[in-house]
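Shown next, in structure tokens, is the structure this report addresses.
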Amino acid sequence: MSENNTHESAVTAETAETDYDAIVVGAGFSGLYLLHRLRDEFGLSVKVIEKADDVGGTWYWNRYPGARCDSESHVYCYSFNDEILEEWDWSERYPEQPEVLEYLRFVADHLDLRRDIDFEREVTSAVFDEAGGRWEITTDDGSQETARYFVSAVGCLSKPFIPDFGGVDSFEGDWYHTGKWPHEPVSFSGKRVAIIGTGATGIQVIPEVAPEAGELTVFQRTPNYAVPARNRPLDDKDREEIKRNYDEILEKAHNSGFGHPFEAAHETAEGLSNEEVEELLQPRWEEGGFRYMLTFGDLITNPETNEYVSDFIRDRIRETVNDPELGEKLVPTDHYYATKRPPLHTNYYETFNRDNVDLVDVRETPIERITPEGVRTTDADYEFDTIIYATGFDAMTGTLLQMDIRGRDGLTLEEKWSDGPKTYLGLSVHSFPNMFTITGPQSPSVLSNMPVSIEHHVEWVSETIKSLVDRDVPLIEPTKTAEDAWTEHNRQVGESTLYTEADSWYMGDNVPGKPRVFTPYVGGVDVYHDTILEAAEKDYEGFELTESTQDLGRQGEQPRLSVMEGD
Ligand code: FAD
Ligand code: N01
């Protein structure tokens, strides 16, 4: 063997280890299913890179007391595998964080996924090499791998956000963000605890911490509309009933507007009397959960309907909180119900009847800074042993943009999205060929029961990749025309609703400097799913497909196999 040949085979061996058909970032619901589809169903080489030391995503990181799902357990799961559906038993209507995490571990083991996941590695950059038509992925340990396809499964709510209060690190007690909760138990026993934030997370953590803490002070900026979850244990009879009807239940969820197996019970509250509306709301309130939100189909488009539904919740808050002045502080008046993510609760409002719980309205007296001893507002200095930041996430785009993603001509995704996300179908971005985003901006994602949307995306992306590989089509990229049209459609649908009137993370409002754009697609899971399937059926309408690998070296003049919509 000549020296040259030896060198060549060494390079080939090296390349074989570091070059893949697809690199997937993230091992939550999305990344796990992607790995299974691409590897086990389609025989492709796949590497999943995950910064945590285990699978689970959201359910790995959010271990705060009270962390629990508010989708119902029997539909907050994968539907693609009958064995998994049959073998796994949920214990409650809404599973707690450890149970969802255990479920995802069970799936990973059942499908033997771990062997192709690199844990404790964070993707720091993904750069598209135009000459070779491959993505170069670099991780925090400095190593690099390449792949034909780069798929982000990094999640919509995975970059914790702490407002720039100033002094956060100076605090001498213990402090935690709920989205990065320690694995060891945290004791609040007898302690003076602050919780900042009353979103879905704050509303779950507050009732859990209050009974244990010596004193709990809640810092609230915007009162929220929390609806009773009405959680309960499931027994064998419930589970048998669910499993007997699983096909029908899942079919309903996958063909619904929100990915839940129920739709709005009534069209509108408009024109009805107070009494008539209450009669329709009451049974849904008793059922609890998102069934209440889906009492009327025009909740988020019709202010009249929304006002009825909001008022009903306001009255329940006033009824529950003993101190009328405090009750009034907990009543939301500045936004319509469900235009910020609607939380479910168990004993949230009741918790404010406890003697050891206090509320600070930070609209009246804003937080000035965190001090070594606690929290300083414009009105007072509060001393604490522990501060819990339930202040949410740099949602939808934050985790994606944390990676330095560069497409054609070195264009960064951050530059491309400086005025807000622009995508085609919430799945792909012009100038970023062979890149896909699972539950990306401008797809239904967070406006749905997410496993349903995740399955739709994973199936679409994996089938697309498989089809391109089979046809020896090396590049797929959405046209600018298609991207502009989808972005405009997204904007129009968003603006036809009440969502855009509220300050919310859906609009990017929670993170200073973020462009104010309604980010998820609100046209409905069913409508959206039909749209992406139709684009694929029409030989990837709105995308350009490059003809052959031989043409990849000719940068700047990529020949096209099919141009469905020109730029
Ligand atoms: P994630 O679960 O967020 O997983 C993304 C993974 O990517 C993470 O493990 C992260 O570590 C990894 N990652 C990110 N960046 C990098 C990088 N650069 N390098 C390497 N790894 C990286 N949805 C519902 O539908 N119903 C619910 O009831 C519900 N409850 C929720 C409760 C909480 C507390 C939160 C925060 C979210 C909830 N969600 C709920 C939304 C939830 O995020 C989704 O349902 C789902 O878990 C998302 O899965 P995913 O795999 O897409 O993303
Ligand atoms: O975060 P959030 P979250 N000063 O952004 C307040 C999912 N989730 O972690 O409303 C003072 O909603 C902020 O106030 P305001 C779900 O999709 C699901 O609670 O902006 N306060 C708000 O009260 C959810 O929507 C589940 O005025 C400040 C809070 O912090 C998403 O995750 C459970 C502030 C942040 O609320 C995020 O929820 C939990 C400041 N400077 C989470 N900045 C379930 O499904 C922010 N706040 C059960």
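Residue by residue, region 232-243 carries 3J(HN,Hα) couplings of 7, x, 9, 10, 4, 5, 4, 5, 4, 4, 4, 5 Hz when phi is fed to the Karplus relation 6.51 cos²θ - 1.76 cosθ + 1.60 (θ = phi - 60°); x denotes Gly or Pro. Each residue of region 454-469 is assigned a 3J(HN,Hα), and the resulting list reads 5, 4, 4, 5, 4, 5, 5, 5, 5, 5, 5, 4, 4, 5, 5, 5 Hz, derived from the Karplus form 6.51 cos²θ - 1.76 cosθ + 1.60 (θ = phi - 60°), x at Gly and Pro. If you take the alpha carbon atoms of region 114-212 and fit the smallest convex hull around them, that volume is 183 Å³ per residue. Seen from Leu330, the other residues with C-beta closer than 14 Å to its C-beta sum to a net charge of -3, counting Lys and Arg as +1 and Asp and Glu as -1.
Within the shell defined by Cβ-Cβ distances under 9 Å, the residues around Glu130 carry a net charge of -1, with Lys and Arg each +1 and Asp and Glu each -1.
Once the Cβ-Cβ distance between Ser418 and Glu241 is put in as r, and R0 is 51 Å, what FRET efficiency do you end up with, to the nearest 0.05? Before the final figure, lay out the partial values.
Details: r = 51 Å, r/R0 = 1.00.
Using R0 = 51 Å, I get an efficiency of 0.50.
Which percent, nearest 5, of DSSP beta bridges in the chain are antiparallel?
Numbers: 29 of 68 bridges.
So the antiparallel bridges in the chain amount to around 45 percent.
Once the C-beta distance of Asn322 and Asp89 is scaled by a Förster radius of 41 Å, the resulting FRET efficiency is 0.55 to the nearest 0.05. Amide H to amide H distances under 5 Å link Phe543 with Thr479, Met564, Glu565, where only residues 5 or more positions off or on other chains count and H is placed in the peptide plane. Amide H contacts of Leu359: Val218, each under 5 Å away and 5 or more positions distant or on a separate chain (H built 1.01 Å from N in the peptide plane; Pro and chain starts excluded). Lysines near Lys243 by alpha-carbon distance under 18 Å, same-chain residues fewer than 8 away left out - which ones? Those lysines meeting the cut-off are Lys252.
As a test of understanding, state the convex hull volume per residue of the chain from its alpha carbons, in Å³.
Dividing the Cα hull volume of the chain by its residue count gives 164 Å³.
The H on the amide N of Arg369, modeled in the peptide plane, is under 5 Å from the matching H of Arg376, each at least 5 residues off or on a different chain. Once the C-beta distance of Asp164 and Asp112 is scaled by a Förster radius of 60 Å, the resulting FRET efficiency is 0.85 to the nearest 0.05. Phi-derived couplings, Karplus 6.51 cos²θ - 1.76 cosθ + 1.60 at θ = phi - 60°, listed residue by residue for region 338-353: 6, 7, 9, 3, x, x, 9, 9, 10, 6, 5, 5, 4, 4, 6, 8 Hz, with x used for Gly and Pro.
Other residues whose C-beta falls under 14 angstrom from the C-beta of Glu102 contribute a net charge of -4, scoring Lys and Arg +1 and Asp and Glu -1.
Computed from the coordinates by the stated procedures, all read-outs in this text should not be read as laboratory data. The shown structure was predicted, so the numbers you read here are calculated from the model rather than taken from an experiment. Reconstructed Cβ throughout: ideal geometry from the backbone, glycine too, with neighbour counts over all protein chains shown.
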